[in-house]
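Every number here is computed from the coordinates shown, using simple stated rules; none is lab data. If you're wondering where the values come from, they're calculated on a predicted model, not measured in any experiment. Don't worry about glycine lacking a Cβ; one is built from the backbone with ideal geometry, like all the others, and counts go over all protein chains shown.
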Amino acid sequence: MQVIVIGGGAAGFFGAITCAEANPEARVILLEKTNKLLAKVRVSGGGRCNVTHHCFVPTVFSQHYPRGAKQLKEAFKIFGAQETIDWFARRGVQLKAEPDGRMFPVTDSSETIIDCLMQEAKRAGVQIKTGAGVESIQPEQGRFKLQLSSGESIQADKVLVSTGGHPKNQGYDWLRELGHPIQEPVPSLFTFNVPSSPLKELQGVSVPQARVRIAGQKLEYEGPLLITHWGYSGPAVLKLSAWGARHFFEQKYTFTALISWVPEFSEESLRESLQQFRQAHPKKTVATNPLFGLPQRLWRGLSQLADISEQVRWADLPAKNTNKLVEALLRLPVEVNGKTTFKEEFVTCGGVDLRQVNMKTMESRLQPGLYFAGEVLDIDGITGGFNFQAAWTTGFLAGRQMAAPVPAPAS
């Protein structure tokens, strides 16, 4: 039996290794169109590789996927974060959890994960061919004929498509030809460009907890926020971009975001807190004495937006400026115009429609023997190890199923 895996990323390697280990008789060949294997693994997490997330309840884990949550819930019961940790541990790679739940190899190097996957593929007998792009898959009498960009063709009994997300719709045309409906790909996980940002001089300033809400929408997310020279970044923005990916695409990435630098406060409790400080420290200057643990530069910037000069003391602060300060702290409006995507780590929402895939086996409902894994599917998670976990899980399920022997043709 010959199994072809298309795509040399996380999902492809996991599917190929799982299949080869489960059925040593199968000939497993992994094709990668570029000369780089596991490219996203290498750059993920700043070169540390955020392997998974420290969460062991499938129903909770699946809530971190703007698309694919329902379908992944059952899949994670079979192969979730704990199974991933155990898989790598059995192969000598220990993972550690950080306070925010992200899990990395203890070496803090993505090369550890790459070396492990390469060694396991070699040990399992997976044949790897780089510079081998696939132009088309043609079903032929219960098998498949793969046409390569080199002009060569290969026969396969089973095929796993794990080519990752594609930013352009036409990148999925070869799968449409097999009858598979495609959800249009749009970017996910991006930062907000704010050319007119009133705080752009504060680039590099971050807060551990802010709330970013989209004006006129129910979309909001809370978490660390970073001011950049082009706008705003950090987990609060990246995760919000994933949940709102389709909405932002429709708005052509032009909308108003409202930032709360003190999300723990309501307007009433914030005013009360400011009043208490004013009564306790009437002679202190407002702009040079930051409150609520906010960085000095940010507090000074917000004070400037509230037209509070550096000499003004709390006792002399007019009500009008107090109101402006409350607004700047709770609902600072920023006009987003565009996005920035980090090309090496880009994630798309969209891809192969999940309704035509058996999510227990990852097999196509339209073409028996054809499987899918990873970001080529209409699955995407927020940052924190969720996209890799979806790759390991779907790769494992596909690999396990592909290992089953091909039934002999009826005589």
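For region 190-340, what is the convex hull volume of its Cα atoms per residue in Å³?
Expressed per residue, the convex hull around the Cα atoms of region 190-340 is 99 Å³.
In the chain, which longest range has no GluC sites (Glu not before Pro) that are both DSSP loop (not H, G, I, E or B) and surrounded by at most 10 other Cβ atoms within 10 Å?
On the way: sites that count: GLU25, GLU152.
Value returned for the longest uninterrupted segment is 153-411.
Any idea what the relative contact order of region 1-73 is, in percent, if you count C-alpha pairs under 8 Å spaced at least 6 apart?
Numbers: 70 pairs, mean separation 18.9, N = 73.
Computed value for region 1-73: 26 percent relative contact order.
Does region 281-328 come out rounded, prolate or oblate by the C-alpha gyration tensor, with a ≥ b ≥ c the root eigenvalues, rounded set by a/c under 1.5 and, if not, prolate when a/b is larger than b/c and oblate if not?
Numbers: a/c = 1.60, a/b = 1.12, b/c = 1.43.
Judged from the Cα gyration tensor, region 281-328 comes out oblate (a/c at least 1.5, b/c at or above a/b).
Strictly greater than 17 Å: what percent of every Cα pair in region 242-295 meets that?
On the way: 811 of 1431 pairs.
Roughly 57 percent, rounded to a whole number.
Cβ under 14 Å from ALA124's Cβ, ALA124 left aside: what net charge do those residues give with Lys, Arg +1 and Asp, Glu -1? Each step should come with its number before you reach the end.
On the way: positive: ARG27, ARG90, ARG91, LYS122, ARG123, ARG400; negative: GLU21, GLU25, GLU120.
Residues close to ALA124 contribute a combined charge of +3.
DSSP loop trypsin sites (Lys or Arg not before Pro) in region 237-299 with at most 16 other Cβ atoms within 10 Å of their Cβ, which ones? Provide the component values of the computation, followed by the final result.
Working: sites: LYS239, ARG246, LYS252, ARG271, ARG278, LYS283, LYS284, ARG297; in loops: LYS252, LYS283, LYS284.
Listed in order of number, the matching sites are LYS252, LYS283, LYS284.
Give me THR112, THR394 sorted ascending by neighbouring Cβ count inside 10 Å, so fewest comes first. Intermediate values should be presented prior to the final figure.
On the way: THR112 21, THR394 32.
Sorted ascending by nearby Cβ count, the order is THR112, THR394.
Using alpha carbons only, how many degrees (0 to 90, rounded to 10) separate the axis of helix 267-280 from the longest principal axis of the chain?
40
Name the most mobile residue of ALA280, ALA257, ALA306, meaning the one with the largest mean-square fluctuation, in a Gaussian network model of the chain with Cα contacts below 10 Å.
In the Gaussian network model the winner is ALA280.
Two decimals is fine: what is log10 I(q)/I(0) at q = 0.12, 0.21 Å⁻¹ for region 1-123, from a Debye sum with one equal scatterer on every Cα and no solvent?
Each listed q corresponds, in turn, to -0.49, -1.34.
Give me the aspartates and glutamates in straight-line cross-link reach of LYS252: C-alpha distance below 16 Å, same-chain residues under 8 apart excluded.
Here the aspartates and glutamates satisfying the reach criterion relative to LYS252 are GLU184, GLU335.
If each DSSP helix of 4+ residues adds -39,500 (n - 2.57) and the sum is divided by the residues in the chain, what number results at 222 nm, nearest 500 deg cm²/dmol?
Details: 13 runs with 133 residues, N = 411.
Calculated mean residue ellipticity at 222 nm is -9500 deg cm²/dmol.
Less than 11 Å Cβ to Cβ from ALA26, Lys/Arg counted +1 and Asp/Glu -1: what total charge do the surrounding residues give? Working shown, then result.
Details: positive: ARG27, LYS158; negative: GLU21, GLU25, ASP157.
Overall, the nearby charge balance is -1.
Out of the trypsin sites (Lys or Arg not before Pro) in region 137-185, which ones are loop residues according to DSSP with at most 16 other C-beta atoms within 10 Å? Show your work: numbers first, answer last.
Numbers: sites: ARG143, LYS145, LYS158, LYS168, ARG176; in loops: LYS168.
Counting only loop positions with at most 16 other Cβ atoms within 10 Å, the trypsin sites (Lys or Arg not before Pro) in region 137-185 are LYS168.
If you look at just the Cα atoms of region 174-241, how large are its Rg and its Dmax in Å?
16.3, 52
Mind checking the angle between helix 296-305 and the chain's longest principal axis? C-alpha axes, 0 to 90 degrees, to the nearest 10.
Roughly 70 degrees, rounded to the nearest 10.
What is the sum of charges, Lys and Arg at +1 and Asp and Glu at -1, for the other residues whose Cβ falls under 14 Å from the Cβ of ALA315? Provide the component values of the computation, followed by the final result.
Values: positive: ARG278, LYS283, LYS284, ARG313; negative: ASP316.
Its environment carries a net charge of +3.
Tell me, what is the percent relative contact order of region 190-340, built from C-alpha pairs under 8 Å that lie six or more residues apart? Mind showing how you got there, number by number?
Details: 278 pairs, mean separation 47.0, N = 151.
Relative contact order, region 190-340: 31 percent.
Can you pull the one-decimal nm distance between simple spin-label points at LEU305 and GLU327, each 7 Å off the Cα toward Cβ?
In this crude spin-label approximation the distance works out to 1.1 nm.
Mind checking which lysines have their C-alpha under 26 Å from LYS360, skipping anything on the same chain fewer than 8 residues away?
Leaving aside lysines fewer than 8 places away in the same chain, those within reach of LYS360 are LYS40, LYS70, LYS73, LYS77, LYS145, LYS158.
Output the direction-averaged projected area (hull surface divided by four) of the convex hull of the alpha-carbon atoms of the chain, in nm². Each step should come with its number before you reach the end.
Values: hull surface 87.9 nm².
Quarter of the Cα hull surface area: 22.0 nm².
Taking only the alpha-carbon atoms of region 307-411, what semi-axes of the equivalent ellipsoid follow from 5 times the gyration tensor eigenvalues under a square root, in whole Å, largest first?
57, 13, 11
Could you work out how far the C-alpha centroid of region 220-257 sits from that of region 61-78, in angstrom?
Computed from Cα coordinates, the inter-centre distance equals 23 Å.
Fewest to most neighbouring Cβ within 10 Å: what's the order for THR52, THR256? Walk me through the numbers before you get to the answer.
On the way: THR52 27, THR256 13.
Fewest-to-most ranking of THR52, THR256: THR256, THR52.
What is the antiparallel percent of DSSP beta bridges lying wholly in the chain, to the nearest 5?
Values: 47 of 64 bridges.
Bridges in the chain that DSSP calls antiparallel: roughly 75 percent.
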